[in-house]
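Participant: Dropping the structure in here first, questions after.
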Amino acid sequence: MPEADELALAERLISYDSSQPDGVKAAMGFLKGWLEGQGIAHRTYEVNGLPSIVAAVGEGPVTLIWNAHVDVVPARSEQFSPWHVDGRLYGRGAYDMKGGLAGMLAALADLSQAREMIPGVKVKLLIVPDEESEEDSNLPKSSAFLASEGHLGEFVVCGEPTNLEIGVQSKGVLVVRVDVEGRAAHGSTPWLGDNAVLKAFELYRRILELPFASGRSELYEHPSINIGRIRGGDVVNIVPDHCRMDVDIRYLPNQAPEEVLRQLRSLGAEVTPIYEMPPATLDPGEPHVQVLREAVGALEGGEAPAVGRHGASDAVFFLERGIPAIEFGPAGGGHHGPEEYVEIESLRRYRRILVEFARRLSSTPNRG
């Protein structure tokens, strides 16, 4: 059986436009075929019409979960044709997180071909199609569903991009829809109306001045606030009398979403929550984290720092069940942007660290 190639895997995964359901299904079809070719046991689930895959190697009382997502945010068509420049692999999802998924797949193949490396430890890879979806909090996320189906363990590694640092915190997510009312008038006499689009921008500036916006915590200097979508006006020659903006707020672990929402509503506009996710927090001294740090140190020559990440991840679905979970992925940059990339060398290093971490868990006294 040929050795798995993490770079080739990443390139193949990037080629699927998995911002769309058909692309997700095609990518999952490729992954099923690849796992079968590697002789790795796996099972497919369906949640909200999209497939998820659970693959596993090893046996034993201790289970290590690797969690990855194949979906990406939308991009220009050329970003789904990966390219290399100066040791970097570019393309949509290279960093978030098809590069990480490729590293996990290659590491799983390594462990499958040398199972004696991890006696007493089972490694499960959960591949989901909907981590990036933040449109409807009423629909169950696939990671949450798989956890409810019993795919749990003593520790979870979410392969989100962290530059080979260990993400022990992530901000909470509160996406709100803000409706601003104005007064229509002829476009040639805007002073007779009250432009709702201009009022919305002014409201956004006021949001940035609310007390929660200047909050700080141990790992973060401030929350994140972004207008992700805005729509106002029907035709160019009418002063718009309504504007709707969707604001993506990433609040700090020491802040309460209810208080953030109260402050937003104090500005007088109609504010409706459309998506929420709690922050993720894990003690950096947690025993599994220490073993991972040792694995990084053994291969990289230095201990990986514990950091906070601005983005959210599916780690929260395991943390809320009392299972320690972190984010840990390869190095790169530009995620969700036009020049997203992953450092090619970091894919190999990431693969080796994952294997070493599993090996060290299997030999750690009183593991789990």
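Participant: If I stretch the segment between residue 256 and residue 148 completely, what's the gain in nm (0.36 nm per residue apart, minus their alpha carbon distance), one decimal? Kindly include the intermediate steps, with their values, before the conclusion.
Facilitator: Values: separation 108, 0.36 × 108 = 38.88 nm, distance 2.61 nm.
Contour length minus the Cα-Cα distance gives 36.3 nm.
Participant: Right, another one. Have a look at 233, 329, 91 and tell me which one the Gaussian network model of the chain (Cα, springs below 10 Å) gives the largest fluctuation.
Facilitator: Top of the fluctuation ranking is 233.
Participant: While we're here: Rounded to the nearest 20 Debye, what is the dipole magnitude of the chain about its Cα centre when Lys and Arg each give +1 and Asp and Glu each give -1 at the C-beta?
Facilitator: In debye, rounded to 20, the chain gives about 220.
Participant: Assign unit charges at the C-beta atoms only (+1 for Lys and Arg, -1 for Asp and Glu), then state the dipole size of segment 232-362 relative to its Cα centre in Debye, rounded to the nearest 20.
Facilitator: Magnitude of the dipole: close to 500 debye.
Participant: I would also like to ask the following. What net charge do the residues around residue 82 carry, taking every other residue with its C-beta under 11 Å from that of residue 82, with Lys and Arg at +1 and Asp and Glu at -1?
Facilitator: Local charge sum for residue 82: +1.
Participant: In whole Å, what is the distance between the alpha-carbon centres of segment 338-362 and segment 146-209?
Facilitator: Rounded to whole Å, the Cα centres lie 31 Å apart.
Participant: Within 14 Å, Cβ to Cβ, of residue 302, how many net charges do the neighbouring residues add up to if Lys/Arg are +1 and Asp/Glu are -1? Walk me through the numbers on the way to the answer.
Facilitator: Working: positive: 293, 349; negative: 165, 294, 300, 303.
Taking every other residue near residue 302 into account, the sum is -2.
Participant: Now, a different point. Between 198, 176, 97, whose Cα lies farthest towards the positive end of the dipole of the chain when Lys and Arg beta carbons carry +1 and Asp and Glu beta carbons carry -1, centred on the Cα centre?
Facilitator: So the residue furthest toward the plus end is 97.
Participant: Additional query: Using helices alone, what [θ] at 222 nm do you get for the chain, with -39,500 (n - 2.57) per DSSP H run of 4 or more residues, divided over all residues and rounded to the nearest 500?
Facilitator: It lands at -9000 deg cm²/dmol.
Participant: Here is a further query. Once a ≥ b ≥ c are taken as the square roots of the eigenvalues of the Cα gyration tensor of segment 292-341, is the result rounded (a/c under 1.5), prolate (a/b larger than b/c) or oblate (a/b not larger than b/c)?
Facilitator: Details: a/c = 2.80, a/b = 1.03, b/c = 2.72.
The shape class here is oblate.
Participant: Pick from 175, 235, 123: which is most flexible by mean-square fluctuation in a GNM of the chain where alpha carbon atoms under 10 Å apart are linked?
Facilitator: 235
Participant: Over the alpha carbons of the chain, what is the largest minus smallest coordinate on each principal axis, giving the biggest first in Å?
Facilitator: The Cα atoms of the chain stretch 78, 41, 40 Å along their principal axes.
Participant: With +1 assigned to the C-beta of every Lys and Arg and -1 to the C-beta of every Asp and Glu, and no other charges, what is the dipole magnitude of segment 172-277 about the Cα centre in debye, to the nearest 20?
Facilitator: 120
Participant: Quick one: if you stick a label point 7 Å off each Cα along the C-beta vector at residue 73 and residue 86, how many nm between them?
Facilitator: Going from the residue 73 label point to the residue 86 one covers 2.3 nm.
Participant: Which of these, 266, 224, 346, has the largest mean-square fluctuation under a Gaussian network model of the chain (Cα springs below 10 Å)?
Facilitator: Among 266, 224, 346, the largest GNM mean-square fluctuation belongs to 266.
Participant: Something else about it: What does the net charge come to around residue 338 if you take all other residues with beta carbon closer than 11 Å to its beta carbon, with K and R at +1 and D and E at -1?
Facilitator: -1
Participant: While we're looking at this one, here's another question. I need to check one value: relative contact order of segment 102-231, counting alpha carbon pairs closer than 8 Å and at least 6 residues apart, in percent.
Facilitator: 11
Participant: Another question, then. Only Cα pairs under 8 Å and at least 6 apart count here; give the relative contact order of segment 172-277 as a rounded whole percent. Can you show the working numbers first?
Facilitator: Working: 216 pairs, mean separation 46.3, N = 106.
Once divided by the residue count of segment 172-277, the mean separation gives 44 percent.
Participant: Among 82, 350, 282, whose Cα sits farthest toward the positive end of the charge dipole of the chain (+1 at Cβ of Lys/Arg, -1 at Cβ of Asp/Glu, about the Cα centre)?
Facilitator: It is 282, whose Cα lies furthest towards the positive end.
Participant: For segment 1-132, state the semi-axes of the equivalent ellipsoid (square roots of 5 times the eigenvalues of the alpha-carbon gyration tensor), sorted largest first and rounded to whole angstrom.
Facilitator: Gyration-tensor ellipsoid for segment 1-132: 25, 17, 12 Å.
Participant: Of 237, 133, 253, whose Cα points farthest to the positive end of the dipole of the chain (charges on the beta-carbon: +1 Lys, Arg; -1 Asp, Glu; origin at the Cα centre)?
Facilitator: It is 253.
Participant: Work out the FRET efficiency for residue 238 and residue 336 from their Cβ-Cβ distance, taking R0 = 56 Å, and round it to the nearest 0.05. Please report the intermediate quantities before stating the final value.
Facilitator: Details: r = 34 Å, r/R0 = 0.60.
After rounding to 0.05, the efficiency reads 0.95.
The numbers here are math on the coordinates, done by the rules we state, and not lab data. Keep in mind the model is a prediction, meaning the values are calculated, not measured. Reconstructed Cβ throughout: ideal geometry from the backbone, glycine too, with neighbour counts over all protein chains shown.
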